[in-house]
Structure formats: structure tokens, C-alpha cells
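Handing you this structure, nothing more for now.
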Amino acid sequence: MPPFSPETLLEHLMTLPSVRYARLSPDGRWVAFVWYRRHENLDVFVAPTDGSAPPVALTHTPEATELVDWTPHGRGVLVAEDHDGDERVRLFRVDLDAPGVMRPLTEARPPYFLRGGQLSPDGRYLCPNERRSHPGDELCRFGEQGINLYGAYSFLGP
């Protein structure tokens with residue numbers, strides 16, 4: 001007798017955990033990824049690339065939490081959390097040495113749509129990516145020539 005009936009096979013297949021998105025740390029020693037259906041929603045995990053340890057949950061919330069990027073030094077990640085599916089995400093920083101501690105970087109339920117963000121190389125500034133009406137109309141940009149500001153910009157402190 002098969003473990004699943006033909007009527008329930010599709011339901012079981014649709015509930016299997018899956019990895020949705022992954023990024024290597026700047027030094028290549030870690031991989032951060034979004035694991036869907038491992039917890040009650042999307043959460044961010046990290047694992048060493050050499051396989052020396054099992055994955056660790058950096059987030060575990062009832063809300064959808066997506067990986068945005070690594071911090072410049074590679075000791076943490078930026079994550080975006082969507083409350084109740086309203087797409088008004090809040091950005092957080094989670095350090096590898098403090099799993100589950102989500103340090104807020106932006107306001108809760110902002111009156112705009114964030115689509116990720118980037119920390120400055122020194123980690124003191126956040127350049128949020130907003131959905132803009134004109135493509136290329138950037139708020140700010142970090143590059144080899146320094147920081148270029150175009151409008152809203154968040155200071156994170158030392």
C-alpha cells in the first residue's frame with residue numbers, strides 16, 4: 001500500500017519544505033537562504049558552506065520573512081518582514097551570533113513599499129529600495145566613488 005492515496009498525494013507534495021532564495025556571504029563561508037514551510041511561514045536560515053554544522057534559523061516569526069542581503073562585513077543579514085500580507089515590509093538586521101534577534105532598521109508598516117535595501121560599507125547608513133514611479137530614480141547609491149544621496153536616507157548610528 002502506498003503511503004499516500006492518489007487523492008492526497010498532491011496535497012502532500014505541495015506542503016514539502018523548499019528553499020526559495022539563497023546568497024553566499026561576502027567571504028564565502030556561509031550561505032543564507034529562505035526556507036519555506038520549515039516553520040509556519042517563510043523564514044531565513046544560515047549554514048556554513050563546508051557543511052560542518054546544520055542550518056540555524058535566524059528568524060522564526062509567524063510573518064513572511066525574506067532575505068534581502070548580507071551586511072557588508074558578512075556577520076549578519078538584512079531581512080524584510082511582511083505583516084499580514086500587506087506588502088508594507090519592515091527591514092531588520094539579524095547578526096549570525098544572535099539568531100532570532102531582529103534589530104529594526106525601518107519603521108513598522110511604512111506608508112510606502114520597500115523592495116529591499118543596502119547598508120553602507122561602514123554599516124552606518126541604510127539605503128532602502130522603494131518602488132519608484134520612474135525607473136532609475138534612485139534614493140541613494142553606494143559605489144566606489146562614495147555615497148550618492150537622492151532623497152530619503154536613513155541614519156542608523158554607530
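Every read-out reported here was derived from the displayed coordinates using simple, explicitly stated rules and does not represent laboratory data. Remember, predicted model here, so these are calculated numbers, not experimental data. So basically every Cβ, Gly included, is an ideal-geometry build from the backbone, and we count neighbours across all protein chains shown.
Tabulate in residue order the Karplus-calculated ³J(HN,Hα) for the range 82-99, using 6.51 cos²θ - 1.76 cosθ + 1.60 with θ = phi - 60°, rounded to whole Hz; enter x for Gly and Pro.
Running phi through 6.51 cos²θ - 1.76 cosθ + 1.60 with θ = phi - 60° gives 9, 8, 6, x, 7, 6, 9, 6, 10, 8, 9, 10, 10, 8, 4, 7, 9, x Hz.
Output the peptides 21-30, 82-91 sorted from most to least packed, where packing is the average of other Cβ atoms within 10 Å over each peptide's residues.
Ranked by mean Cβ neighbours within 10 Å, highest first: 82-91, 21-30.
So which chymotrypsin sites (Phe, Trp or Tyr not before Pro) in the range 67-130 are both in a DSSP loop and have at most 16 other Cβ atoms within 10 Å of their Cβ?
Listed in order of number, the matching sites are Tyr112, Phe113.
Continuing with the same structure: Apply the Karplus curve 6.51 cos²θ - 1.76 cosθ + 1.60, θ = phi - 60°, to the phi angles in the range 45-59 and return the couplings in whole Hz, x for Gly and Pro.
10, 9, 8, x, 6, 8, x, 6, 8, x, x, 10, 6, 7, 10
Modelled label-to-label distance, Asp95 and Val31, 7 Å Cα→beta-carbon offset: nm?
In this crude spin-label approximation the distance works out to 2.6 nm.
List the GluC sites (Glu not before Pro) within the range 32-83 that fall in a DSSP loop (any state other than H, G, I, E or B) and whose Cβ has at most 14 other Cβ atoms within 10 Å.
Loop-located and lightly packed - Glu40.
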